[in-house]
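Notes for the one structure printed next.
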Amino acid sequence: MILRLLALALSTVFIYEAVGEPIHPRDSFSAKIEKQNKIALQGVLNNFGPKGSQAPGASAGIIIASPSTVDPNYYYTWTRDAALTMRMIVDEFTHGKNELRSYIQDYLKAQAILQTVSNPSGALSSGRGLGEPKFYSNITRFNGDWGRPQRDGPALRATALITYANWLLDTRKSSGAREAAEKVWPVVQNDLNYVAQYWNSTGFDLWEEVSGSSFFTVAAQHRALVEGSALAKQLGQSSTAYDSQATNLLCFLQAFWNGKYAVANINTQSGFSRAGIDSNTVLTSIASFDPEAPCDDVTFQPCSSKALLNLKAYVDAFRTIYTINKNTPNASAVATGRYPEDVYYGGNPWYLTTLAVAEQLYDAVQQWSSLNSLTISDTDLPFWQTVYPSAEPGTYEPGSDFSKLLDAVLDYADGFVKIALKYTPSSGALAEQFSRENGTAVSARDLTWSYASFVTMRAARLSATSNYPQIGSWGASSVSAPSGTCSASSSPGVYKPAIAAGAPPDAGGCTILMTFNVNASTYFGENVYLSGNTTDLGAWRPADALPGRADQYTEQRPLWTFEVELPQGKAVQYRYVRKEEDGEYVFESRNRTVEVPFCTSTEGGNDKVVEDSWVGPVGTQG
Ligand code: NOJ
Ligand code: NOJ
């Protein structure tokens, strides 16, 4: 009887749905998104130390990039990946997932420790060490060759933690104010000081390949200083340096626009040539999104004319290069990758870049909806003609074609999500890339950033299509457009271990920037490293020795150079070591000793140069 009633009830529901309002096609799609979203959030937590099922050995609060240990080995924590992931976690937490609080607190502590770990980019006392891109999952330095420094990391970490600090201040009154001031701020302050001091120096881009100035990095730095300045004021801290460098950064950010799109990297190393169309810029737009901002070009808001035209240029660059995009009509969504010239693992589409396109569009819809108005300009008309062929320049408000235009954008955005889902295996696992030929998973498996990008896309979509709460504002609408010529300056900062947050109290001592020059004739393919009795020099383990630079090597002067920050007053033993083409190591025949001087001034200028010539066996080619 009960069963029959149930059956009746079910069929009633079914009939009601069948004859009642037609089920919007978006509903079943939304259900798929919800399902994948759960998998994605769990995928992130699996990669989160110490308890994550895929992250054995990772310290508490450390987020590994992927559990993959070979081809590629991503069993490290990247400051960028971890910070972008933490921003997602903070947003999910403030939207009601209370169980995420402990992950945020663990992250904060891990970052406080990590900031003090000296590394090949430098140490904490000079700030330089904050620009190191990645560390081992047990919070120790990685000495191998790498594209370093990468200056987006500190800015992105500051943004993630500022979002948390703002929540503490808004909702937790005095206990929250204390946690924000005593624990969060000291970590954030180091990162903001780093940005204010080093923003105007070149570094490697987010793809770790190009040395120069990256659009993504500059925008992330600008945002961090703007919201960091507001937090500083709220906590009674000085914000002068942040305000003045934020102005300079925003001015500089305008230099990347070429009339059609934002060029991903400028001031690049000589010999670099690429058109500059790059997901870097779409990721910039979603990282700069402020739900309270108008469609502002200057901060590259998702609904701004520049960011929309840029999105079109970016997406179009992938329409014909991937086999899986062939036969797709010109106005539909396609799979996209980092940049069209990419060859890494064959240069395939990435989940996080394809989803970023959707996210930018969902963010834009939120903005137009809040503004209750949408303007199609001559600049962004080409974008509009893709999503709505009969689009014409003009301003649209509810009652006119406004909702049709928004619907068209939503459909277009959904198309990118559908592509990501189409090429997601039934388990829901998200690797880094999917094959340009057939859509199967390529490169690192279970990439944390891929999962995080799904969760942020889903939240943006919900905010665009329902009353799901929007993410917080960072103050984009309060910045004023730059005028006049840009000024490039720097505000030297002071860096201290964030002890109350968990940094070791004895860390962060004064260091000296040491330059070791050694004349060592090498054959092409043979490289010179610096090995020694401190962890800074790899503790005599050849695989952890510091890689040298040979950019000034000539026949007359076969110069290999090493730069390393060493603790003041320390007596260090070292030898140079050659790494042969076949991977074998050849050490110099005796130990050398150097006394690191004491810091005499905290303003820098203590640097020391050591001049050596190779002593010992010489390698032979082949
Ligand atoms: C080259 C890739 O293009 C880059 O993005 C990656 O991080 C490094 N190799 C290390 O795997
Ligand atoms: C390679 C990507 O290019 C880089 O952005 C990322 O940080 C690392 N992989 C780790 O995921």
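Observations on the structure shown:
- Under the combined filter of DSSP loop state and at most 13 neighbouring Cβ atoms within 10 Å, region 278-372 retains these trypsin sites (Lys or Arg not before Pro): LYS326.
- Two-decimal ratio, the chain, of alpha-carbon radius of gyration to 2.2 N^0.38 Å: 1.02
- When ARG461, ARG578, ARG590 are arranged by Cβ crowding within 10 Å, least crowded first, meaning fewest neighbours, the order is ARG590, ARG578, ARG461.
- Of all DSSP beta bridges in the chain, antiparallel share, percent nearest 5: 90 percent
- Only the Cβ atoms of Lys and Arg (+1) and of Asp and Glu (-1) were treated as charged; on that basis the dipole of region 510-613 about its Cα centre amounts to roughly 300 debye.
- Between the residues LEU168, SER403, TYR261, the greatest Cα displacement towards the positive end of the dipole of the chain, with unit charges on the Cβ of Lys, Arg, Asp and Glu, is found for LEU168.
- Annotation: the residues GLU132, GLU595, GLU341, sorted from fewest to most other C-beta atoms within 10 Å of their own C-beta, follow the order GLU595, GLU341, GLU132.
- For the pair ALA481 and ASN258, the difference between a 0.36 nm per residue extended length and the Cα-Cα distance amounts to 78.5 nm.
- Sparse-neighbour loop sites [chymotrypsin sites (Phe, Trp or Tyr not before Pro); region 186-295; at most 15 other C-beta within 10 Å; DSSP]: PHE272
- Rounded tilt (10° steps) of 402-422 against the dominant C-alpha axis of the chain: 60 degrees
- Long-range HN-HN contacts of TYR396 with modeled amide H, under 5 Å: LEU374, THR375, ILE376
- Rounded tilt (10° steps) of 101-114 against the dominant C-alpha axis of the chain: 20 degrees
- Under 21 Å from the Cα of LYS570 - lysines, other chains or at least 8 residues apart: LYS496, LYS608
- ³J(HN,Hα) computed for each position of region 260-272 - Karplus, 6.51 cos²θ - 1.76 cosθ + 1.60, integer Hz, glycine/proline x: 10, 7, 7, 6, 4, 10, 10, 6, 7, 4, 5, x, 7
- In region 47-256, Cα pairs under 8 Å separated by at least six residues give a relative contact order of 16 percent.
- Cβ-defined net charge surrounding PHE289, 9 Å radius [Lys, Arg +1; Asp, Glu -1]: -3
- Straight-line cross-link partners of LYS35 among the lysines, defined as a Cα under 27 Å from its Cα and at least 8 positions apart when in the same chain: LYS51, LYS97, LYS418, LYS422.
- Net +/- balance of residues flanking ILE62 in space, Cβ distance below 15 Å, scoring K and R +1, D and E -1: +3
- Only the Cβ atoms of Lys and Arg (+1) and of Asp and Glu (-1) were treated as charged; on that basis the dipole of region 47-256 about its Cα centre amounts to roughly 520 debye.
- Relative to the Cα centre, the charge distribution of the chain, modelled as +1 at Lys and Arg Cβ and -1 at Asp and Glu Cβ, gives a dipole magnitude of about 1120 debye.
- Neighbour counting of Cβ atoms within 10 Å sorts the residues SER403, SER229, SER443, fewest neighbours leading, into SER403, SER443, SER229.
- Helix-only CD estimate at 222 nm, as mean residue ellipticity for the chain, using -39500 (n - 2.57) per DSSP H run (n ≥ 4): -12500 deg cm²/dmol
- Helix 240-253 and the longest principal axis of the Cα set of the chain meet at an angle near 70°.
Since every read-out is calculated from the coordinates, none of them should be taken as a lab result. If you're wondering where the values come from, they're calculated on a predicted model, not measured in any experiment. Ideal geometry is used to build each Cβ from the backbone, glycine not excepted, and the neighbour counts take in all protein chains shown.
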